[in-house]
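Shown next, in structure tokens, is the structure this report addresses.
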């Protein structure tokens, strides 16, 4: 999985006043945890938007003080009025060391069989918590449901992606193809139509 490149600027001053000054200058205060020592730095608003506003999960390579730190976003703080990102916390990651993250769920492939037979696909979850190592991270959990039949459900237990453990109960439904009311009622209507002439003939 490729990493997005970020150019951080070390922060020497801390506190609310210093953070407010950074935000006024179009920068976002950030912290990096989990490395040999915690680091405080800032990123431009443009880089933060590129990192955050995407449907995919992303890894970041943060270039700071001549070194590169591979990390993931751990926490995002946003302004409740403007929805602007006001602070980011990153967690440093290392190959071979397990991490737990939320990955988006993406349905791929053609229409499920049940949809082709008149059903409707309903995706019940948009993200799932998984445990893996950085080398196995993917932008999204891509699930091919072309085989899913009418009235059937795809559950957590059906997910099989090498190196990724889904941290939810196996029975949790991820997506299903349900039978619309109109499809259910068509056989009843047909039966009623067929029964009407027979009833009339008996009179």
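The values are calculated or read from the model by the stated rules, or taken from the named source; none is laboratory data. Just so you know, these numbers come straight off a predicted model, no measurement behind them. Cβ sites come from the backbone with ideal geometry, for glycine too, and all protein chains shown count toward neighbours.
At-a-glance table
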read-out: Hits in segment 51-66 - residues which are loosely packed, with under 11 Cβ neighbours inside 10 Å and within 19 Å of residue 87 (Cβ to Cβ); value: 53
read-out: Sole exception among (1) closer than 17 Å to residue 90 by Cβ; (2) touching a helix residue (DSSP H, G or I) at 6+ places or on another chain (Cβ under 8 Å); (3) without any contact (Cβ under 8 Å) to a residue 40 or more places away in the chain for residue 40, by number; value: (2)
read-out: Cβ pairs under 7 Å, 6+ apart, first in segment 6-27 and under 15 Å from residue 40 (Cα atoms), second at pLDDT below 90 and surrounded by 10 or more Cβ atoms within 10 Å (Cβ to Cβ); value: 10/65
